[in-house]
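Q: Just passing along the structure, written as structure tokens.
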Amino acid sequence: MTMRAISASLLALLAACAAQPPEPPRTQQEAIALNQSARTAFESGDLTGARRLYEQSLAIDVSIEKADGVAMNALSLAQVCQMQGEPEAAQHYLDLVLNDSALAISRERKAEAAARKAQIALAANDTRAADQWADTGLGFCAGSCPVQSALLNLRARAALARNDSAGAIEWAVKAQSAAGDERGRAERANALRITAEARIEAGNQRAAIPSLNEALALDKTLALPRRIYADLMLLGRAHAGIGERDAARAYFLRALAVASALKDAEGAREAQAALDKE
Amino acid sequence: METFPKQDPRFTHIGSKAVIFLILAAALAVGTVTAGLVHQDYFVKTVRLYFFADSAQDLAKGMSVQLSGFKIGTVDNLWLEPNATVRVRLLINRQYIHFIRQDSQARLAKEGLIGTSFIEITPGTPEVRQVENDGVLKFARAKDISDAVPDLAARIGPILADIKSITQSINEPNGDFRQALKGIHQASTSLAEAADSVSQLARSGDTRIANIQEHVNVVLDRAGASVDKSNKLLDTLGGTLATVDRAVPEVLEKLNSTLDNANSASIEMRRLMSGLSADLPPAVSEGRSLMRETHEVVQGAKKTWPIRNYLPPAEEQALPFDSNDDARNKR
């Protein structure tokens, strides 16, 4: 009797596990497939293909009024356009998210759009606009959201661009504390790097080294080669600043190796120039 | 015997005759009066209408009232009102009253420029209600010649002023018109001089044409020699063409054989293609169907437990945001 009951329960459990989850409608499936293909194209470096696929996915999401889909595709498109050197096109997609009132796009997505706006302003050396957009984003966050630490880091980077080292450190520390969880490791590394950079700018190279080592460790965990390169270059500069030329050379050599592996000619030139100086 | 009879025979029945005469006279008088009244439309059923004018000028009792050129009534009476306006009563023949609407207008008009005045009534809008007895119409005084003359004078005045200024401009010795005339005169003089030059040019042209003719003769002589040479060249060309004529059949034969080979190759190709065309579509369609089925199987497998647990969730995702992204950091 007991064996029968156990067998029946196991069968019921197996049937429950094997049962198919509910499928989204066909149009939505198409949008999902296009979004995933766009992501694959983006990760393989095909920005043109990624843009085309994201646009198709966005068109479907707009047609079925799927607010979060519209926001995600528009934000991804803004990033692709920014990387293609088309900030105006990026702004268009970001406005689509920020100016929405009909679809009720979430405040988190709007915060991310504001963060992207701040980043574009920063790339254009417009630190005032960057600050304004970062503050707008923090307003959308209203306490906590996934891009909060990124927004704080953007304020720190804007301060750093104005040679305001103290302000940059202040914002970076806030960003570090906001990026406490596991998902915020990349932003925590960014905050540490900004802190170190601000300290180097302020002439306090020795204090920058621990932050940079921590950032490097995080970036290696996340396997982000460009961040690793940036950490190594800053470490080289910090050691050179305190007269440890051998250590500096070693970091510059590692940075050169990373840049060469990435086929980043500009990065390699920069590392080689730093090596030649030492 | 009586000299005079007691009763004149002419006076017999005089009483009856007098009565008959009196009756006839009375009937004639009544008839005359009745005819007069009929002529005065006394027995015609009429409707009284009023209008108010600012002055009684040209308005008079008994004036004709017309509608579309037909007489439909008369002006019955006029009164001066306490506010100095003139109230005019019209008697309109009842049979025409249905033409007159409440928006109809009475107008003082004249037959021609200096003819007699009359009241003209416009028919009004058919949709508006018909005017009733003792109704009041709007009145407008039509412009007569005395009104039109000042208007005409005002219009002609500027034209006359323009004509005067044009005349003055023409008469002015240094004015455009005089200068233009002077210019025309000078131009005609220059034209005469130009005509002389042209005739001289024509004479000189004749001399030059004679010279050219001599040159042409020389050139024609040389051309004759060239034609002789060309004839010789054509003879040579004729010989060459004869050689080509002999060679062409051989070339054509070779070309024919080549075309035959190409034709047979084409036939072979067509045969091969027809064989393929029979086999290829089923192969393609089967391949397509196989691929579709494979796709469906894979899709189905992806949805089943436990495979689905190892696959990423089927949902849209945004690219991750990183504050360190910029144009250089593409990954």
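Q: Among the residues of the stretch A:147-170, count how many are away from every other protein chain (no Cβ under 11 Å) and in a helix (DSSP H, G or I).
A: Result for the stretch A:147-170: 9.
Q: (1) part of a helix (DSSP H, G or I); (2) within 12 Å of another protein chain (Cβ to nearest Cβ): which one isn't true of A:His92, the others all being true?
A: In the conditions (1) part of a helix (DSSP H, G or I); (2) within 12 Å of another protein chain (Cβ to nearest Cβ), A:His92 misses (2) alone.
Q: Can I ask one more? How many residues are of a type in the set (S, T, N, Q) and at pLDDT 90 or above when one looks only at the stretch B:62-73?
A: Qualifying residue count, the stretch B:62-73: 2.
Q: Another question about this same structure. For the condition surrounded by fewer than 15 Cβ atoms within 10 Å (Cβ to Cβ) and touching a helix residue (DSSP H, G or I) at 6+ places or on another chain (Cβ under 6 Å), what is the one hit in B:Pro123, B:Pro82, B:Pro150? Give the derivation first.
A: Details: B:Pro82 fails: touching a helix residue (DSSP H, G or I) at 6+ places or on another chain (Cβ under 6 Å); B:Pro150 fails: touching a helix residue (DSSP H, G or I) at 6+ places or on another chain (Cβ under 6 Å).
Every option except B:Pro123 fails the conditions.
Q: Criterion first (within 13 Å of chain B (Cβ to nearest Cβ) and either surrounded by fewer than 16 Cβ atoms within 10 Å (Cβ to Cβ) or not charged (D, E, K, R) (or both)) does A:Gln205 satisfy it? Please lay out each step first, then the result.
A: Numbers: within 13 Å of chain B (Cβ to nearest Cβ): no; either surrounded by fewer than 16 Cβ atoms within 10 Å (Cβ to Cβ) or not charged (D, E, K, R) (or both): yes.
No, not satisfied.
Q: Against the condition more than 14 Å from every other protein chain (Cβ to nearest Cβ), at pLDDT 75 or above and surrounded by 10 or more Cβ atoms within 10 Å (Cβ to Cβ), how does B:Val297 come out, does it pass?
A: Yes: the conditions hold for B:Val297.
Q: Let me ask you something else. Answer with yes or no whether A:Ala215 is aliphatic (A, V, I, L, M), under 24 Å from A:Pro146 (Cα atoms), buried (at least 24 other Cβ atoms within 10 Å of the Cβ) and not assigned by TED's automatic domain parsing to the domain that holds A:Glu266.
A: Judged against the criteria, A:Ala215 is a match.
Q: Just the residues that are polar (S, T, N, Q) and crowded, with 18+ Cβ neighbours inside 10 Å, please, taken from the stretch A:148-181.
A: So the first thing to find is which residues in the stretch A:148-181 are polar (S, T, N, Q), and the list is A:148-149, A:153, A:163, A:165, A:176-177.
Result: A:Gln148, A:Ser149, A:Asn153, A:Ser165, A:Gln176.
Q: Let me ask something else. From (1) modelled with pLDDT of 70 or more; (2) exposed (fewer than 10 other Cβ atoms within 10 Å of the Cβ), pick out the condition that doesn't hold for B:Thr243.
A: Status for B:Thr243: all satisfied but (1).
Q: Can you name every residue in the stretch B:93-120 that is of a type in the set (Asp, Glu) and either surrounded by fewer than 16 Cβ atoms within 10 Å (Cβ to Cβ) or over 23 Å from B:Ala56 (Cβ atoms) (or both)?
A: Answer for the stretch B:93-120, where residues must be of a type in the set (Asp, Glu) and either surrounded by fewer than 16 Cβ atoms within 10 Å (Cβ to Cβ) or over 23 Å from B:Ala56 (Cβ atoms) (or both): B:Asp103, B:Glu111.
Q: With the structure loaded, tell me whether B:Leu290 is assigned to a helix (DSSP H, G or I), of a type in the set (A, V, I, L, M, F, W, C) and modelled with pLDDT of 75 or more or whether it fails that test.
A: Details: assigned to a helix (DSSP H, G or I): yes; of a type in the set (A, V, I, L, M, F, W, C): yes; modelled with pLDDT of 75 or more: yes.
Considered against the rule, which asks whether it is assigned to a helix (DSSP H, G or I), of a type in the set (A, V, I, L, M, F, W, C) and modelled with pLDDT of 75 or more, B:Leu290 comes out as yes.
Q: For A:Ser144, state whether it is closer than 25 Å to A:Ala179 by Cα, small (Gly, Ala, Ser) and either assigned by TED's automatic domain parsing to the domain that holds A:Tyr54 or not in a helix (DSSP H, G or I) (or both).
A: yes
Q: For the structure I just gave you, tell me whether A:Glu112 is among the charged types (D, E, K, R), without any contact (Cβ under 8 Å) to a residue 60 or more places away in the chain, at the interface with another protein chain (Cβ under 9 Å from one of its Cβ atoms) and closer than 26 Å to A:Arg188 by Cβ.
A: Taking the combined requirement at face value, the residue satisfies it.
Q: Further, regarding this structure: Within the stretch A:71-87, which residues are free of Cβ contacts under 8 Å to residues at least 12 places away in the same chain and facing chain B (nearest Cβ under 9 Å)?
A: If the condition is that a residue be free of Cβ contacts under 8 Å to residues at least 12 places away in the same chain and facing chain B (nearest Cβ under 9 Å), then A:Gly85 is the only one that fits.
Q: Next question. Residue check: is B:Phe70 of a type outside the set (Ser, Thr, Tyr) and surrounded by 15 or more Cβ atoms within 10 Å (Cβ to Cβ)? Outline the logic, then answer.
A: Values: of a type outside the set (Ser, Thr, Tyr): yes; surrounded by 15 or more Cβ atoms within 10 Å (Cβ to Cβ): no.
When the stated conditions are applied, B:Phe70 does not pass them.
Q: Search the stretch A:34-61 for residues being of a type in the set (Ser, Thr, Tyr) and under 18 Å from A:Val97 (Cα atoms), and hand back the single one that is nearest to the other protein chains (Cβ to nearest Cβ).
A: Per the criteria, the residue is A:Ser57.
Q: Answer yes or no as to whether B:Lys138 is under 27 Å from B:Val38 (Cβ atoms) and basic (Lys, Arg).
A: Values: under 27 Å from B:Val38 (Cβ atoms): no; basic (Lys, Arg): yes.
Here the answer is no, as B:Lys138 does not meet what is asked.
Q: Here is a further query. Is it fair to say A:Ala78 is of a type in the set (Gly, Ala, Ser), under 17 Å from the mean Cα position of the chain (by Cα) and surrounded by 17 or more Cβ atoms within 10 Å (Cβ to Cβ)?
A: Criteria met by A:Ala78.
Q: Right, next: Taking B:Lys6, is it among the charged types (D, E, K, R), in a loop (DSSP other than H, G, I, E, B) and more than 30 Å from B:Lys110 (Cα to Cα)?
A: It is true that B:Lys6 is among the charged types (D, E, K, R), in a loop (DSSP other than H, G, I, E, B) and more than 30 Å from B:Lys110 (Cα to Cα).
Q: Here is a further query. Identify, from the list A:Ala191, A:Ala198, A:Ala271, the residue that is free of Cβ contacts under 8 Å to residues at least 60 places away in the same chain and not assigned by TED's automatic domain parsing to the domain that holds A:Leu151.
A: Going through A:Ala191, A:Ala198, A:Ala271 in turn, the sole match is A:Ala271.
Q: At the interface with another protein chain (Cβ under 8 Å from one of its Cβ atoms) and surrounded by 16 or more Cβ atoms within 10 Å (Cβ to Cβ): which single residue out of A:Asp68, A:Asp131, A:Asp100, A:Asp126 fits that description?
A: Exactly one of A:Asp68, A:Asp131, A:Asp100, A:Asp126 is at the interface with another protein chain (Cβ under 8 Å from one of its Cβ atoms) and surrounded by 16 or more Cβ atoms within 10 Å (Cβ to Cβ), namely A:Asp68.
Q: Go through the stretch B:9-61 and count every residue that is touching a helix residue (DSSP H, G or I) at 6+ places or on another chain (Cβ under 9 Å) and either at pLDDT 90 or above or not in a loop (DSSP other than H, G, I, E, B) (or both).
A: Of the residues in that region, 3 qualify.
The values are calculated or read from the model by the stated rules, or taken from the named source; none is laboratory data. On a predicted model such as this, the values are computed, not experimentally measured, just so you know. As a convention, Cβ positions derive from the backbone with ideal geometry for all residues, glycine included, and neighbour counts pool all protein chains shown.
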